[in-house]
Amino acid sequence: PMINRPKGTAGQHWSIQEAMGLAGSERKTDAYQGIQRNLRDLVHNARIRWQSPWNEIPASDKSKLFQVAREQHPLLKRYTNDWATAELVKQYMKNRRGSAYRNGWL
C-alpha cells in the first residue's frame, strides 16, 4: 500500500523517519540512515546545487534523482509522489546551507 505525505511541515509538525515507518528499532533506524547517506551521495553525483532552495531546482533534475533513488531503494516506491525522497533531500540541502552560512562559506 502507498503511504501518503502527512499534512504540515516536516520537522515542525511531523518526523520524516516516523512518517516513513522507519522508527522504533535499530534495524529500521539503520535503514533510514542508509537511505539518508545514499540520497546525500545522489545529490552530489547529480550535481544538484545544494546552495539553492528546493523550489529552484529544475523539475528534470528532481525527476532523475527520484528515479535513481527508487531504483537503489525499492522501499521509496511506497511513498506517494516521492514525498519521502523530496523531504529527505530538502532536509539535507537545508542543513548543508545552514552549516555553510554559519561557517562563512556562503
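The values are calculated or read from the model by the stated rules, or taken from the named source; none is laboratory data. Computed from a predicted model, the values in this text were never measured in an experiment. Here the Cβ positions follow ideal geometry from the backbone for every residue, glycine too, while neighbour counts run over all protein chains shown. The protein model used for the area step is the full one, side chains on, heavy atoms only, and it has no ligands, DNA or RNA in it. Shrake-Rupley method; radii C 1.70, N 1.55, O 1.52, S 1.80 Å.
What residue, of Y101, Y92, is open to solvent by 40 Å² or more (accessible area, probe 1.4 Å) and either touching a residue at least 24 places away in the same chain (Cβ under 8 Å) or closer than 19 Å to R37 by Cβ (or both)? Full working, then the answer.
Working: Y101 fails: either touching a residue at least 24 places away in the same chain (Cβ under 8 Å) or closer than 19 Å to R37 by Cβ (or both).
Residue meeting the stated conditions: Y92.
Output the residues belonging to the range 45-85 that are of a type in the set (D, E) and under 17 Å from A10 (Cβ atoms).
Let us first name the residues in the range 45-85 that are of a type in the set (D, E), namely 56, 61, 71, 82.
Correct list: D82 only.
State all residues of the range 74-106 that are of a type in the set (A, V, I, L, M, F, W, C) and part of a helix (DSSP H, G or I); if no residue qualifies, say none.
Taking the range 74-106 as the starting set, the residues that turn out to be of a type in the set (A, V, I, L, M, F, W, C) are 75-76, 83-84, 86, 88-89, 93, 100, 105-106.
Listed by number, the residues that qualify are L75, L76, W83, A84, A86, L88, V89, M93, A100.
I'm checking my understanding of the structure. Among residues of the range 50-72 that are aliphatic (A, V, I, L, M) and closer than 12 Å to T85 by Cα, which one is surrounded by the fewest Cβ atoms within 10 Å (Cβ to Cβ)?
V68
What number goes with the only condition from (1) surrounded by 14 or more Cβ atoms within 10 Å (Cβ to Cβ); (2) of a type in the set (K, R); (3) not in a helix (DSSP H, G or I) that R47 does not pass?
That leaves (1) as the condition not met.
Can you tell me which residues in the range 17-62 are farther than 22 Å from N95 by Cα and under 15 Å from the mean Cα position of the chain (by Cα)?
G21
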